[in-house]
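Data block below; observations after.
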Amino acid sequence: MTAVRLSRKIGIRELKANASAVIREVQERGNEVIITVRGRPVARIEPLPAETVAAPTDGMGGLRDAFPDMPNLEWEDFVAAKRLWDPRPLEQD
């Protein structure tokens, strides 16, 4: 049995003013939101399936697949790179 999704309509101006709250509603409640321009529906914001939005657990966030042509990077590679870029104290004469 499929879950019934509630939907509501909002104007483009309301979306512009409250975009974060609208996205949070879609994400947390699973509701869909129909966007209207001059009262006519033009777009829909709906939640993605759970398997699409599964968060990576390795701490790399969305970077793991950002560069498909690069060799597989591990978290330690980012830690090492950060060490290279951390500011070092100036040497005293």
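The residue list A80, A43 contains one member that is outside any loop (DSSP other than H, G, I, E, B), surrounded by 10 or more Cβ atoms within 10 Å (Cβ to Cβ), small (G, A, S) and at pLDDT below 90, which is A80. For A21, the stated conditions do not hold, so it cannot be described as loosely packed, with under 10 Cβ neighbours inside 10 Å and modelled with pLDDT under 95.
Each row is one residue, and each column tells you yes or no for (1) of a type in the set (V, I, T); (2) exposed (fewer than 12 other Cβ atoms within 10 Å of the Cβ); (3) at pLDDT 90 or above.
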| residue | (1), (2), (3) |
| --- | --- |
| G30 | no, no, no |
| V33 | yes, no, yes |
| A54 | no, yes, no |
| N72 | no, yes, no |
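The values are calculated or read from the model by the stated rules, or taken from the named source; none is laboratory data. In this text, all values refer to a predicted model and were calculated from it rather than measured experimentally. Quick reminder, even Gly has a Cβ in these numbers, built from the backbone with ideal geometry, and neighbours come from all protein chains shown.
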